Amino acid sequence: MLDYMIFNNYFGREIFIKRGFSSSKSIVIQNCINNIKKEIKRPEKKIIKILSVGRFTAQKDYLTALKAILLLKDKIREKEIEYIIVGDGELYQQIQIWIKDLQLSNVTIVRNPDNIEDYYLEADIYFLSSNSEGMPNSIMEALNYSLPVVSTDVGDSNFLVRDAITGYLVPIKDYKILAEKLYELASDSNLRNVFGMNGHSLLIKEFSEKTLQEKFINFTKKII
């Protein structure tokens, strides 16, 4: 019945095409950030803060994240690592159990803070371990705060995390490689800043509100 269907991510588009949607009628215009911050250059630090923001659900795969943090803790000696998980959801108690079982004393859970911006500002690395995503808005937020990103290669994350440019993409559930990539960034403040600046520039170029408006205007002109 529809002439066109607009999706905000390619992952969702492909799912619906497999269910019978017409590929020629299925258009993607990805999300944007409507309040882009000034770029941030972070100083060298003794304590490296790694941040994850998201619902406490199976989709986010926090067990894989915690296993990666455990390996990182054993691997890195010259730095202290703090891992902060911000969000809420039905797996809150289960995540606490995993933290206890893995004997991770450097992990903090923060439930629905009012000042979530502070956590992005204080972080040094953004970490996403999901096994399923559409367009990860939390990665957009991380780029908005000039954070380098380590992410599983899921959904449309590859549009935001350009491997070895704005961060690293890793196969789903591969906590060993996730730990390696986190180690590379935790060990090198210059690399963190280079990736962070690259990600911020990418956000301005491809995911600003102006870019989104232009895409909708161009699409509208095309179909009229």
All but one of (1) assigned to a helix (DSSP H, G or I); (2) among the acidic types (Asp, Glu); (3) in contact with a strand residue (DSSP E or B) (Cβ under 8 Å, 6 or more places away or on another chain) hold for residue 82; state the number of the condition that does not hold.
(1)
The condition from (1) open to solvent by less than 50 Å² (accessible area, probe 1.4 Å); (2) part of a strand (DSSP E or B); (3) under 16 Å from residue 138 (Cβ atoms) that residue 56 misses is numbered (2)
If you go through 133, 214, the only one that is in contact with a Gly (Cβ under 9 Å, 6 or more places away or on another chain), open to solvent by 10 Å² or more (accessible area, probe 1.4 Å) and not polar (S, T, N, Q) is 133
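For residues that are in contact (Cβ under 8 Å) with a residue 60 or more places away in the chain and closer than 22 Å to residue 46 by Cβ, tally how many sit in segment 80-135. Show your work before the answer.
So in segment 80-135, the residues in contact (Cβ under 8 Å) with a residue 60 or more places away in the chain come out as 81, 116, 119-135.
Add one more test, that the residue is closer than 22 Å to residue 46 by Cβ, and what stays is 81, 119-127.
Number satisfying all stated conditions: 10.
Among the helices (runs of 4 or more DSSP H) lying completely within segment 119-224, list those that include at least 3 residues that are more than 25 Å from residue 37 (Cα to Cα) and modelled with pLDDT under 95. Full working, then the answer.
Working: elements: 137-144, 157-160, 175-186, 189-206, 209-223.
Hits in segment 119-224: 209-223.
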Just wondering, is there one or more residues in segment 100-108 that are open to solvent by 50 Å² or more (accessible area, probe 1.4 Å) and under 24 Å from residue 10 (Cα atoms)?
no
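The values are calculated or read from the model by the stated rules, or taken from the named source; none is laboratory data. Everything numeric in this text was worked out from a predicted model, so none of it was measured. Cβ coordinates were reconstructed from backbone atoms using ideal geometry, including for glycine residues, and neighbour counts include every protein chain displayed. With ligands, DNA and RNA removed, areas are computed over all heavy atoms of the protein, side chains included. Shrake-Rupley method; radii C 1.70, N 1.55, O 1.52, S 1.80 Å.
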